1. State which residue is surrounded by the fewest Cβ atoms within 10 Å (Cβ to Cβ) when the search covers only the range 62-78 and only residues that are more than 14 Å from the chain's Cα centre (by Cα) and assigned to a helix (DSSP H, G or I).
2. Looking only at the range 220-231, decide whether some residue is within 28 Å of S81 (Cβ to Cβ), of a type outside the set (A, V, I, L, M) and surrounded by 15 or more Cβ atoms within 10 Å (Cβ to Cβ).
3. Just to be sure I understand the filter: pairs with C-beta atoms under 6 Å, separated by 6 or more residues or on different chains, first member in the range 5-22 and in contact (Cβ under 8 Å) with a residue 24 or more places away in the chain and buried (at least 24 other Cβ atoms within 10 Å of the Cβ), second member in a loop (DSSP other than H, G, I, E, B) and aliphatic (A, V, I, L, M). Which pairs pass?
4. For residues in the range 234-268 being at pLDDT 85 or above and charged (D, E, K, R), which is surrounded by the fewest Cβ atoms within 10 Å (Cβ to Cβ)?
5. Give me a count of the residues in the range 200-224 that are over 22 Å from K108 (Cβ atoms) and either assigned to a helix (DSSP H, G or I) or at pLDDT 95 or above (or both).
6. Are there any pairs with C-beta distances below 7 angstrom linking a residue in the range 84-98 that is at pLDDT 95 or above to a residue that is polar (S, T, N, Q) and open to solvent by less than 40 Å² (accessible area, probe 1.4 Å), with the two at least 6 apart or on different chains, and if so which?
7. Considering I101, I125, I168, which residue is open to solvent by less than 30 Å² (accessible area, probe 1.4 Å), modelled with pLDDT of 95 or more and among the aliphatic types (A, V, I, L, M)?
8. Which of the residues that make up the range 25-52 are outside any strand (DSSP E or B) and under 21 Å from I95 (Cα atoms)?
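The values are calculated or read from the model by the stated rules, or taken from the named source; none is laboratory data. Everything numeric here is computed off the predicted structure, so don't read it as measured data. Here Cβ is always computed from backbone atoms with ideal geometry, including for glycine, and neighbour counts include all displayed protein chains. Remember, those area values only see protein heavy atoms, side chains included, never the ligands or the DNA or RNA. Shrake-Rupley method; radii C 1.70, N 1.55, O 1.52, S 1.80 Å.
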Amino acid sequence: MRISPCSPIGIFDSGIGGLLIAKEIKNYMPNECIIYFGDTKNMPYGNKSKEFIRNHSMKIASFLYEKKCKAIVIACNSIVSNALDIIQKEFLKKILIFNVIEPIVKNKVLISSKKIGIMATTATIRSNFYQKNIKKYCPHLDIVQISTPLLATIIENGFEKNQINYLIKKYLNHFKSIDTLLLACTHYLFLKKEIDNFYHGKVRLIDIPKIVVQEIQNKLYENNLLCLHSTWNNNPIFYTSSSISPFFNEQIKILFGKLVKRHISNFF
């Protein structure tokens, strides 16, 4: 397959979470064309088995590869922590593969931390992916992890402020004396303001989209695949595996405007 700087970037997630990564890509690299896939039929991935996650993520990665993407961004922590190895084995020699965990754990932003809290899905916590990889770069860090299984589905469908603030308090009260918090599910990035308010700005929240997208931009440039000129058809294209929630649809309009294409794929 022939790829070029004008080839699209494929992004996939279990649902809405990766939209914020996609938006950051458009902010930093406005000339890039994005093809997004949200597996809305099967979300949340956080309560699925490792086998399920690996099988479905390979199908989605293959779908984006067939769309002639020059790079694939795995924007789901549950997928990265359970299936990154097989995705890389299949596609790494063909196109660029990015994910939302590795740029964070190796970033210098964590060096100054002493105790970090990680809130994630059950599948991500079960994999112990963060724990193993953070310790490679920051062995001094005290790491506390909690599983927050209810959040992704609630966020996917739109959330009431009172309901979400109750859950934030319930979950985050388990963290004692942390100085840094990692929102280890891209869905949770939609709650960054509410979580920051809970801590009154006294706990640092890692800016995940910025760190991830800077890595993508640098690697595209190094491989001569950064799109430097705008094309007439570079509006984002969105695929989902089922009809999307009103909140998902609303966020697409808010983040990307009205000039986007939305499709429902039935290949699952």
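1. First pass over the range 62-78, keeping only residues more than 14 Å from the chain's Cα centre (by Cα): 62-71.
Now narrow it down to the ones that are assigned to a helix (DSSP H, G or I): 62-66.
On the way: S62: 15, F63: 20, L64: 23, Y65: 16, E66: 10.
It comes out as E66.
2. No, the conditions are met nowhere in the range 220-231.
3. Taking only residues 6 or more apart or on different chains, the pairs are I11/A75; D13/A75; S14/M43; G15/M43; G18/A75; I21/A75.
4. The qualifying residue surrounded by the fewest Cβ atoms within 10 Å (Cβ to Cβ) is K253.
5. 2
6. From residues that are at pLDDT 95 or above, the pairs are L84/N99; I87/S57.
7. Among I101, I125, I168, only I101 is open to solvent by less than 30 Å² (accessible area, probe 1.4 Å), modelled with pLDDT of 95 or more and among the aliphatic types (A, V, I, L, M).
8. Quick first cut of the range 25-52, residues outside any strand (DSSP E or B) only: 25-33, 39-52.
Selection gives I25, K26, Y28, M29, P30, N31, E32, C33.
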